[in-house]
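Notes to accompany the following structure.
The values are calculated or read from the model by the stated rules, or taken from the named source; none is laboratory data. Note that the structure is predicted; figures quoted are calculated from it, not measured. Backbone-built Cβ (ideal geometry, glycine too); neighbour counts: all protein chains shown. Surface accessibility is based on the protein's heavy atoms, side chains included, excluding ligands, DNA and RNA. Shrake-Rupley method; radii C 1.70, N 1.55, O 1.52, S 1.80 Å.
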Amino acid sequence: IWAETIREIRKESPETTLETLLPDFKGHWHNLDVVIKERPEVVSHNLETVRRLTREVRIQAKYDRSLECLRRISEAGLRTKSGIMLGFGETEEDVIEAMQDLYNVGVHILTLGQYLQPTKAHHPVVEWITPQQFKKYEEKYLMQTCKIRRNI
């Protein structure tokens with residue numbers, strides 16, 4: 001359905017830039033390959049949370065499978081995007097590890113956002129992240145990526 005949607009949008013509006021948000025296809029990589037073949041301008045798959053909290057927050061997801069999905073997208077030469085929600089009770093070390101993991105698999109665009117509990121049945125908000133903490137993550141990530149690039 002993703003590949004078909006991309007083709008139909010391009011047929012109707014060829015100048016439209018496409019960002020395609022994908023699942024991890026439960027590791028059935030041939031399904032991912034079908035979408036990659038359509039070459040959307042940006043391909044997104046959200047990590048959602050840190051390694052330590054993945055089982056608690058994303059019942060059916062697997063942290064390493066998400067990283068593998070993103071690695072495959074990046075290695076196909078596509079612009080890759082992912083996001084992490086904060087406020088589940090992750091530590092700063094958890095967040096830095098996740099940012100590093102995403103960088104290591106070739107993610108080009110990373111978003112960090114505040115988790116908001118959609119219903120009472122969902123995981124509660126454990127912490128409200130301050131603008132200062134978001135800025136600190138930005139600075140740490142920039143320092144890490146610059147350090148890595150210098151060592152290459």
On the given criteria, is residue 94 assigned to a helix (DSSP H, G or I), under 12 Å from the mean Cα position of the chain (by Cα), within 17 Å of residue 141 (Cα to Cα) and of a type in the set (Asp, Glu)?
no
Log entry, pairs with first residue in the range 105-119 being farther than 18 Å from residue 44 by Cβ and modelled with pLDDT of 95 or more, second being assigned to a strand (DSSP E or B) and open to solvent by 30 Å² or more (accessible area, probe 1.4 Å), beta carbons closer than 8 Å, six or more apart or on different chains, reads 114/85
Here is a list: 54, 16. Which entry is without any contact (Cβ under 8 Å) to a residue 24 or more places away in the chain and buried (at least 17 other Cβ atoms within 10 Å of the Cβ)?
54
Pick from the range 11-38, criterion in contact with a helix residue (DSSP H, G or I) (Cβ under 9 Å, 6 or more places away or on another chain) and of a type in the set (Ser, Thr, Tyr), ranking: farthest from residue 68 (Cα to Cα):
16
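Please verify whether residue 77 is surrounded by fewer than 20 Cβ atoms within 10 Å (Cβ to Cβ), over 29 Å from residue 114 (Cβ atoms) and not aromatic (Phe, Trp, Tyr), treating the condition exactly as stated.
Yes, satisfied.
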Looking at the range 19-42 only, could you name the residues that are closer than 21 Å to residue 83 by Cβ and either open to solvent by 80 Å² or more (accessible area, probe 1.4 Å) or modelled with pLDDT under 95 (or both)?
19, 21, 26
Given the conditions (1) within 22 Å of residue 127 (Cα to Cα); (2) open to solvent by 20 Å² or more (accessible area, probe 1.4 Å); (3) touching a strand residue (DSSP E or B) at 6+ places or on another chain (Cβ under 9 Å); (4) among the hydrophobic types (A, V, I, L, M, F, W, C), report the number of the one that residue 59 does not fulfil.
(3)
